[in-house]
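K.L.:
Just dropping this structure here.
The values are calculated or read from the model by the stated rules, or taken from the named source; none is laboratory data. Keep in mind that what you see is a predicted model, and the values were worked out from it rather than measured. Methodologically, a virtual Cβ is constructed for each residue, glycine included, from the backbone with ideal geometry; neighbour enumeration extends over all protein chains shown. Just the protein is used for accessible areas: all its heavy atoms, side chains included, with ligands, DNA and RNA removed. Shrake-Rupley method; radii C 1.70, N 1.55, O 1.52, S 1.80 Å.
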Amino acid sequence: MPFEPYGERAVNTVVALVNSLTPGDDGLPDLDACAELLGEHGWIVDDLTSADLAFLRALRPRLRFAFEGGDEREVVAHLNRLLSECDVLPQLTDHDGGWHFHYARPGATLAQRVFVTSLMALLLVVRDRGSDRLRTCAADGCANVLFDTTKNHSRRFCDARTCANRVHTAAYRRRQRAKAGTPER
């Protein structure tokens with residue numbers, strides 16, 4: 001079953017937001033960085049405020065829970081608790097040429113729109129694909145999260161160019177050393 005592209009964009013926004021919170025480095029240091037992150041995921045950021053930035057920064061650890069491999073019912077309960085904080089008014093709209101839902105009330109701030117749309121998208125992932133599609137990167141030392149959209153549930157790494165490549169290269173080198181009888185370093 002294909003996942004609604006508007007929803008997938010929202011899940012990818014959550015992934016980017018959560019991954020912007022790294023130990024010792026805040027990937028959302030200012031309004032420009034926040035606008036860039038949201039803009040890369042299709043959000044119109046004309047009305048981004050300092051209050052939105054503060055709200056989205058605080059939201060990141062609360063959304064991370066959905067990716068940490070907990071019991072699916074606990075993930076849903078957590079997301080539903082967060083959703084109860086939102087001023088939700090689902091509406092079907094075609095303002096950009098295709099029917100899709102907006103979940104926040106008209107006049108909601110950008111951060112509120114991102115929040116409620118992201119929560120709904122995460123809940124739809126759980127309903128349609130299962131919470132196991134939301135996970136953390138399997139590479140040692142990486143704290144990033146990912147949304148697995150593969151057909152066979154096989155995505156394990158946040159990025160093929162960095163984490164996956166590093167893990168696969170290390171495994172290859174171990175195999176080569178084992179063949180040659182060279183001890184591990």
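K.L.:
Where in the range 23-102 are there GluC sites (Glu not before Pro) that are in a DSSP coil and have at most 14 other Cβ atoms within 10 angstrom of their Cβ? Walk me through the numbers on the way to the answer.
P.N.:
Working: sites: Glu36, Glu40, Glu68, Glu72, Glu74, Glu85; in loops: Glu68, Glu85.
Those satisfying the criteria are Glu68, Glu85.
K.L.:
Determine the shape class of the range 71-168: with a ≥ b ≥ c the square roots of the Cα gyration tensor eigenvalues, call it rounded for a/c under 1.5, and otherwise prolate if a/b is greater than b/c, oblate otherwise.
P.N.:
Details: a/c = 2.23, a/b = 1.88, b/c = 1.18.
It comes out prolate by the Cα gyration axes.
K.L.:
Want the number for Ala180 to Glu40: 0.36 nm per residue separation, take away the alpha-carbon distance, what's left? Before the final figure, lay out each step's value.
P.N.:
On the way: separation 140, 0.36 × 140 = 50.40 nm, distance 4.64 nm.
Additional length available on full extension: 45.8 nm.
K.L.:
Further question: At R0 = 22 Å, how high is the FRET efficiency between Ala143 and Arg166 if r is their beta carbon distance? Nearest 0.05 is fine.
P.N.:
Values: r = 14 Å, r/R0 = 0.66.
In this case the efficiency is close to 0.90.
K.L.:
Additional query: Could you report the chain's accessible area per residue, 1.4 Å probe, as an integer in Å²? Don't jump to the answer; show the numbers that get you there.
P.N.:
Values: 10610 Å² over 185 residues.
Ligands and nucleic acids excluded, the result is 57 Å² per residue.
K.L.:
Could you check how much of the accessible area of the chain is carbon and sulfur, as a whole percent, using a 1.4 Å probe? List each step's numbers first, then the result.
P.N.:
On the way: 5560 of 10610 Å².
Accessible surface attributable to carbon and sulfur in the chain totals 52 percent.
K.L.:
Separate question: If you project the alpha carbons of the chain onto the principal axes, what extent comes out on each, in Å, largest first?
P.N.:
The Cα atoms of the chain stretch 67, 37, 33 Å along their principal axes.
K.L.:
With label points built 7 Å along Cα→Cβ from the Cα atoms of Arg9 and Ala54, find their separation and express it in nm.
P.N.:
In this crude label model, Arg9 to Ala54 measures out at 2.9 nm.
K.L.:
If I stretch the segment between Asp128 and Asn80 completely, what's the gain in nm (0.36 nm per residue apart, minus their alpha carbon distance), one decimal?
P.N.:
Details: separation 48, 0.36 × 48 = 17.28 nm, distance 1.61 nm.
Here the answer is 15.7 nm.
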